[in-house]
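Below you'll find the structure, written out as structure tokens, and then a few comments.
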Amino acid sequence: MAAKNQKLYETYSKSLIHEVQRWGGLKQKGVSLKYMMEFGSTPTLRNLLISAQFLHKELPARIARRALELETLPYGLSLKPAVLKVRDWYLDSFRDLRSFPEIKNTNDELEFTQMIKMIKVRHNNVVPMMALGVQQFKKSLGRKIDYQDLDEIHQFLDRFYMSRIGIRMLIGQHVALHDPNPPPDCVGYIHTKMSPVQVSDEGGGIPRSGLPKIFTYLYSTAKNPLDEQSDLGATKHSNNGWLWIWASNKPLICQIFWRGPANHLYGRIR
């Protein structure tokens, strides 16, 4: 733990780390798809300004919490190179958000929107990078410990990926509301008329009872998205197949067919 904290302080200033700790302790505000759809149905300049002001305060709290958790994982998982890379992505994004000045007008809102678009791009490879970190962790366990029995790790991954979905949905929805020609029946990311129910992948589907370990499933049945020789800074998307969720009689994320990691897999069932 001491070595890990030393590395963190060598990379980032004490003031930033203290700010991350403070923001990570704040309670995040829940936002339902119904509210997002109703609010986004009239994307006026005023509504876009309100949305940006909300994200300016909400995103740092969510990102800081994940950065802190990445720093304190059990069994040495936090020390794996791929996990450290993901942690640094979160810390860099937190710093960008906190460095952005107060949003007062439309020009500020547009600049903020461009900045969070870049944050979203920065985090594109979080899922395969965390999968690489888990693979590195598994190799270090040896034969005495079964990875499947490490409930703390599985619970962390579930929280982490659920949070990632929420962060990307908030950013994506705000950005999509700027589209002057949105797809039919869509409010930002949300489709208002889709109704079929299905949870599936190319392999024939994943039972609901198996969802808590969905990412273990994904990276044990799909081809390795990254290997030990991968460039930890690369932003190339993996291609593990198509994954989707449809929710009965409820708004649906438009970009539901997603190549590679299950970026929207938890979106309608949490």
Karplus 3J(HN,Hα) series, Hz, for region 170-180 with 6.51 cos²θ - 1.76 cosθ + 1.60 (x for Gly, Pro)
4, 5, x, 5, 4, 5, 5, 5, 7, 5, x
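Hey, can you rank 166-177, 110-121 by average C-beta count inside 10 Å, highest first?
166-177, 110-121
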How high is the relative contact order of region 2-184, in percent, with contacts defined as C-alpha pairs under 8 Å that are six or more residues apart?
27 percent
Burial-style ranking of 72-80, 52-60, 84-92, average other-beta-carbon count within 10 Å with highest first, yields 84-92, 52-60, 72-80
Which of the residue pairs K80/K138; K57/K104; K27/K104 have a Cα-Cα distance greater than 18 Å in the structure shown?
K27/K104
Just rank S93, S163, fewest to most, by other beta-carbon atoms within 10 angstrom.
S163, S93
Stretch gain in nm, segment Q28-D185, where the contour uses 0.36 nm per residue and the Cα spacing is subtracted
53.6 nm
If R₀ is 41 angstrom, what is the calculated FRET efficiency for the pair H18 and T42, using the beta carbon separation as r and rounding to 0.05?
0.55
What nm value, rounded to one decimal, do you get for the distance between E152 and K139 when each label is placed 7 Å out toward the C-beta?
2.3 nm
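All of the numbers you see were taken from the coordinates with simple rules; none came from a lab. For clarity, every value in this text was computed on a predicted model and none was experimentally measured. Reconstructed Cβ throughout: ideal geometry from the backbone, glycine too, with neighbour counts over all protein chains shown.
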